[in-house]
Each structure stands twice: as C-alpha cells, then as structure tokens.
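The values are calculated or read from the model by the stated rules, or taken from the named source; none is laboratory data. The shown structure was predicted, so the numbers you read here are calculated from the model rather than taken from an experiment. Neighbour counts are summed over all protein chains in view; Cβ atoms, including those assigned to glycine, are modelled from backbone coordinates with ideal geometry.
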Amino acid sequence: MRLRHIEIFEAIRRTGSLTEAAATLHISQPAASKLLAHAEAQLGFKLFERVKGRLVATHEADILTPEVARLSQDLNSVRRLAANLRDRPNGHLRLGCAPALGLGLLPGVVRDSRDAQPGITFDIHTHHSAELVQGLLTRELDLAVTFDTNDYPGLTRMGLGHTELVHLSRTAGSGPIRLPELTTPSGGTLIVLDASDASGALLQMALDAQGLDPQVAIQVQTHYVACALVDAGCGDAIVDAITAQAMLRPGMHLRRLEPALRVPISIMLRNQDPLSSLHRDLIERLRAACTERIATLDAPA
C-alpha cells in the first residue's frame, strides 16, 4: 500500500462514506474512488463492502487495521515534526510528567531552559504512569518524567536521581521520625498515597517489613493533594520531599524518615528516537535539579 492508499483507507474507515472521505482528504469523489480501486487492485482483495448505504470494512481490512493505524500515526508524527521544524526552529518538546514532579521539579527546569534558549516551546502534560507510557507509545509525548521504575517494550528508561519520602505535619518536631512513631496514639491522623503509586507502595513495603499497621484516615492519589490536606489541618502526610518543599506553608513542618525511603526519578522515551541536543540539555537540567532538591534537605533550617 502506498501512503495515499493508507490515507484513503483511514478516511473511509473513519467516515464510512467515500464522499466524506474525499472531503476529508480535499480531493474529488471520483479521485477517492480511483484511489480505493487502485489500493484494492494492488492488494488483491476488497477493503470495504457497501452495507445499508455505508462502506463497512471487510474481514481482511479489519486484520490490516492495526498496522495501518500504526503507519498512519507514524505519518502524522512526521508531519508534526516537519511543522515544528518549520514553525518552531529553536525546538519544541512535548513533555509528560507525574503530577508531583510537575509541581515541584519541572517549573524551574522549564524556566532555565527557556532562559538559555528563549525560542524553545513546550507542551506539558501531567499524568499518572499508565497514561505517560501510553502517551509515549502513541507518540503524543516525546519524553516523560516519572517515579515509575518498570521497564516497558519499546521504551527506554534513564535514571535522573531520586527524592525521598518525608513526614509533613502542622505539629513541630525535631530530627527524623521513625516509622514506629506513625503507629503511636500521638502519631495523629495519617494521610498516605495509594499503594498503586510508587511512593505509596514503597511506604507500605517498609511498614510491612517492620510489622507496622498505622491507622490511615485518608488515602489519596497525588502528593500535592496530601500536602494540601495537611495545610488544611486534616492530619499528617507521608509524601515525596520535592512536593513537600514546593507545598510548604507557614505552620507546616517537614521531617525526614528514618530509615530513609528513597523514590527513584526517571525519564522515559521511545527506543527508536535519537536524543537531540535539546533532549540532552533538558535531561541534564532535570538531573541537576533532582540533586539540588534533595541536597536542600540537608541544609540547615
């Protein structure tokens, strides 16, 4: 199938009409009919049958559909890249990140990148891990910054550094807080991340390892919501340090955990995509920002 054949195949499959497909491709109906006939002649079988006035894909076309859809996505990706090179000669990045990292890590990196190269433009999407992976695989994202440590077919994961879990409270305390203290009556109302989150799973494993079962009053899916609940006086939270530092408000107190529970931060991209200088620069800035954020935990209060 030629590229033009793929275009008419996709257009008819979406619209169910040769006339509407022709309009979508900005060609005449006879030209669309000729394209379809040429594609079917090359393939040696029919792609569509007319059923109650609509064009319906044949069994053979249904089998072809996933591969044709992939080629169509690749073609659209090439078109977007060409448009970006034309309209945004200094570079454009479609960047995905976990919500917590979009709050505490990314803003400064984006600012510094644009200060160094003002022509850079960004599309920034905040999603949880599954959506970030899907965005990369469907080419809706170029890079994704995540807490996810899993490996996925077709994707490369590179370490950027780490954050760690901390205790956030409106009650002052000194020094690190030990996990058993979370289970004492004076431990207060506890807010934790859902165990489906990498940080929530890490905390749960550490508690299980010590045979601890604190009374959890509130479970959330995002670090910054947990921080906002602490600020509202709903209880104490265990969250990642980067988000806690970004959300720290007067009257809120941050304490490290003992032993420290480190959460890796990674960046993911597609295997086949070469790293441009723009990508490399952003990755190095993210790596430096991770190091800087964690270093501030050791700074005097």
Seminar exercise, completed: Going through the range 173-202 in order, the residues found to be modelled with pLDDT under 90 and assigned to a loop (DSSP other than H, G, I, E, B) are GLY173, SER174, GLY175, THR184, GLY188, THR189, ASP194, ALA195, SER196, ASP197
Seminar exercise, completed: Only one of (1) out of contact with any Leu (no Cβ under 7 Å at 6 or more places or on another chain); (2) hydrophobic (A, V, I, L, M, F, W, C); (3) modelled with pLDDT under 90 does not apply to LEU75, and that is (1)
Exercise. Given the conditions (1) in contact (Cβ under 8 Å) with a residue 24 or more places away in the chain; (2) surrounded by 15 or more Cβ atoms within 10 Å (Cβ to Cβ), which single one is not true for GLN117?
Worked result: (2)
For this session: Go through (1) in contact with a Cys (Cβ under 8 Å, 6 or more places away or on another chain); (2) at pLDDT 95 or above and name the single condition MET268 misses.
Result: (1)
Exercise. Pairs under 8 Å by beta carbon, first residue under 19 Å from GLY154 (Cβ atoms) in the range 267-290, partner of a type in the set (Asp, Glu), six or more apart or different chains?
Worked result: MET268/ASP148; LEU269/ASP142; ASP273/ASP142; HIS279/ASP142
For this session: Filter the range 212-229 down to the residues that are in contact (Cβ under 8 Å) with a residue 40 or more places away in the chain and either touching a Pro at 6+ places or on another chain (Cβ under 7 Å) or among the β-branched types (Val, Ile, Thr) (or both), then identify the one that is nearest to SER196 (Cα to Cα).
Result: THR222
Exercise. Is the range 228-250 home to any residue that is of a type in the set (Lys, Arg) and assigned by TED's automatic domain parsing to the domain that holds THR126?
Worked result: no
Problem set entry | Any chance LEU64 is touching a His at 6+ places or on another chain (Cβ under 9 Å) and buried (at least 16 other Cβ atoms within 10 Å of the Cβ) | no
For this session: Would you mind stating whether GLN215 is at pLDDT below 90 and more than 20 Å from the chain's Cα centre (by Cα)?
Result: yes
Exercise. In the range 113-126, which residue that is at pLDDT below 90 and in contact with a Gly (Cβ under 8 Å, 6 or more places away or on another chain) is farthest from ARG262 (Cα to Cα)?
Worked result: GLY119
Exercise. Quick one: is THR183 touching a Pro at 6+ places or on another chain (Cβ under 7 Å) and over 22 Å from ASP281 (Cβ atoms)?
Worked result: yes
Exercise. How many residues does the range 224-244 hold that are closer than 21 Å to GLY161 by Cβ and at pLDDT 90 or above?
Worked result: 8
Exercise. Within the range 156-167, can one find any residue that is part of a loop (DSSP other than H, G, I, E, B), touching a helix residue (DSSP H, G or I) at 6+ places or on another chain (Cβ under 6 Å) and either at pLDDT 95 or above or closer than 27 Å to ASP208 by Cβ (or both)?
Worked result: no
